[in-house]
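A.B. asks: Dropping the structure in here first, questions after.
Throughout, read-outs are computed from the coordinates displayed, never taken from laboratory work. Treat the numbers as computed from the prediction; the structure is a model and nothing was measured. Quick reminder, even Gly has a Cβ in these numbers, built from the backbone with ideal geometry, and neighbours come from all protein chains shown.
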Amino acid sequence: MIGPMENSGDLESMLMGYRVSAALSVAAELGLSDELATGPRTVAELATAVGADEETLARLVRVLVTVGVYADNDGAVSNTPLGEGLRSGVPGTQRPLARTLQDPALWAAWGHLGHSVRTGETAFEALHGVDVWTYRQRQPEHNAIFNDNMTARSWKIAGAVAAAYDFSGFHTVVDVGGGQGIVLDAVLRSNDHLTGTVFDREHVVATEPETAALAPRWSAAAGDFFAEVPPADVYLLKSILHDWPDDRCVEILRVCAESLNPGGAILVIEAVLGQPGHEADAAFSDLNMLVLPGGRERTEDQYAALFAAAGLQLTRLVDTPTRMSILEAVKAGPLDRA
Ligand SMILES: C[S@@+](CC[C@H](N)C(=O)[O-])C[C@H]1O[C@@H](n2cnc3c(N)ncnc32)[C@H](O)[C@@H]1O
C-alpha cells in the first residue's frame, strides 16, 4: 500500500500545475515560439523581438526549458516539439488556448471553483456579474482569442466528424453556433454535393469560409439559436449543448427540430461522459463548463432525455477517433425518416 509520503511529490506537481499554465500562457502571449520558428535565438534577441525585460524573460525561459517546451544550448534557445505547438497557425496549435489564460476574468473564475461546488452556481457569473457570452461580446479582444481557440481545438475533431458520418442522403447543412465555421468547412470539403451555412451571433460568425474554394457552396447567417435557425437537412451542434443547462438545451433543440427539413437529422458533437478512453477529458471539460458558461458534460442517456424533451429521438452514437462522439437524433415518430 502506498503511504502518504510516497506520493506527496505527485500531489505537489499537481498542485503546482497552475504555474506551468501561467508560464505557458505568457510565452504564448509574447509569441516566443513564433520568434523561434526560424531558428535558435538568444534571450537578448528574444527580449528585443517581443518587447520584454531581458533578465525576467530569461527566468521565464529557464522554467519552460525545465518542462521541455524550449531547449537551451549554450544560450541558444530553440523550440522543442512542444514549443512548436505554441506557434501560431500550425495545425492543432495550442497558442490560442494558452492565450485565453491571459484573461484575468477567466483565470479568476477558476479560482472561484469552490463557490460553484458549494452552491452549484456558475463561478464566472457569480464573480463577474455577467455570463461568458455577454462578457465576450463586450471584450472584442478576448472574443477574438476565444474564437481562435475554438477553431484550433475543433480542427482535428471537424475532420474526424466529416470522415465518421455519412452525409450522402442530405443536401443542406447548418453549423449551429458554428463560430468561425471550422466544422462546416471540413464537412463541405468532404461532401461536394452539400451546401452549408454557418450560424452564430453577429460579433462571432465567420465572414468567409476558411477554405476559399468552398465559397460557392458556403454562406453565413447571424442570429440567436434560442429564437431561430435557418432551415436545413442536417444541423451540426458541436460544443453547443455542453455550454447550457438542461432547460436551455431543450430550447435550442426545439428550435432546430422546428426548422429541420423532413427526413433530416440533428448531430450533436460532444465529449460524452463514460466513453472509454476519454474519461479525464470529459470530466475536466465538465468542470470547465461548470466554472465558465454554466453548462455540463452528459452521458448518452442524459442526451437521450434532452432529445426526448424536445420531441426528438436519439438514433445512434457514432464514435470518432477523437475525444468527441456524434449523437444523431431525428424527429420522434416512426414515419419521419421514411
Ligand atoms: C463553445 S463555442 C463552439 C463553436 C464551434 N461550434 C466549435 O465547436 O468550434 C459555442 C458557440 O456558440 C455560440 N453562441 C452562444 N450563444 C449563442 C446564441 N444565443 N445564438 C447563436 N450562437 C450562440 C458562441 O458564439 C460560440 O461560437
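A.B. asks: So between Met16 and Ser88, what do we pick up on full extension, going 0.36 nm a residue minus the alpha carbon distance?
C.D. replies: 23.2 nm
A.B. asks: State the extension gain, in nm to one decimal, for the chain segment bounded by His193 and Gln137, taking 0.36 nm per residue of separation less the distance between their alpha-carbons.
C.D. replies: 16.7 nm
A.B. asks: If you don't mind, there's one more thing I want to ask. Where both partners of a DSSP beta bridge lie in the chain, what percent of those bridges are antiparallel, to the nearest 5?
C.D. replies: Looking only at bridges with both residues in the chain, the antiparallel portion is about 45 percent.
A.B. asks: May I pose another question? If packing is taken as the average number of other Cβ atoms within 10 Å across a peptide's residues, how do 321-327, 204-210 rank, most packed first?
C.D. replies: Per-residue mean Cβ counts within 10 Å order the peptides as 321-327, 204-210.
A.B. asks: Once you charge only the Cβ atoms, +1 for Lys and Arg and -1 for Asp and Glu, what is the size of the charge dipole of segment 29-86 about its Cα centre, to the nearest 20 debye?
C.D. replies: Dipole magnitude for segment 29-86 comes out near 140 debye.
A.B. asks: What is the set of long-range amide H partners of Leu312 at a cut-off below 5 Å, with H atoms built 1.01 Å from backbone N?
C.D. replies: Here Ala332 satisfy the definition.
A.B. asks: Relative contact order for the chain: what percent, with Cα pairs under 8 Å and sequence separation of 6 or more?
C.D. replies: Relative contact order for the chain comes out at 12 percent.
A.B. asks: Only Lys, Arg, Asp and Glu count, each charged at its Cβ (+1, +1, -1, -1), so figure out the dipole size of the chain about its Cα centre, rounded to 20 debye.
C.D. replies: That gives a dipole near 260 debye.
A.B. asks: Given the convex hull over the Cα atoms of segment 1-136, what projected area results after averaging over all orientations, in nm²?
C.D. replies: Hull-based average projected area comes out at 11.9 nm².
A.B. asks: If amide hydrogens are placed 1.01 Å from N in the peptide plane, which non-local residues have theirs closer than 5 Å to the one on Thr197?
C.D. replies: Val173, Val174, Asp175, Ser219
A.B. asks: Right, here's the next one. Measuring from label point to label point, each 7 Å out along Cα→Cβ, what is the Glu279 to Ser219 span in nm?
C.D. replies: 4.7 nm
A.B. asks: How big is the chain by the Kirkwood estimate over distinct Cα pairs, in Å?
C.D. replies: Kirkwood radius, the chain: 21.7 Å.
A.B. asks: Now for a different question. Is it possible to state the helix-based mean residue ellipticity at 222 nm for the chain, with each DSSP H run of 4+ residues giving -39500 (n - 2.57), the sum divided by total residues, to the nearest 500 deg cm²/dmol? What is it?
C.D. replies: So the helix-based figure for the chain works out to -13500 deg cm²/dmol.
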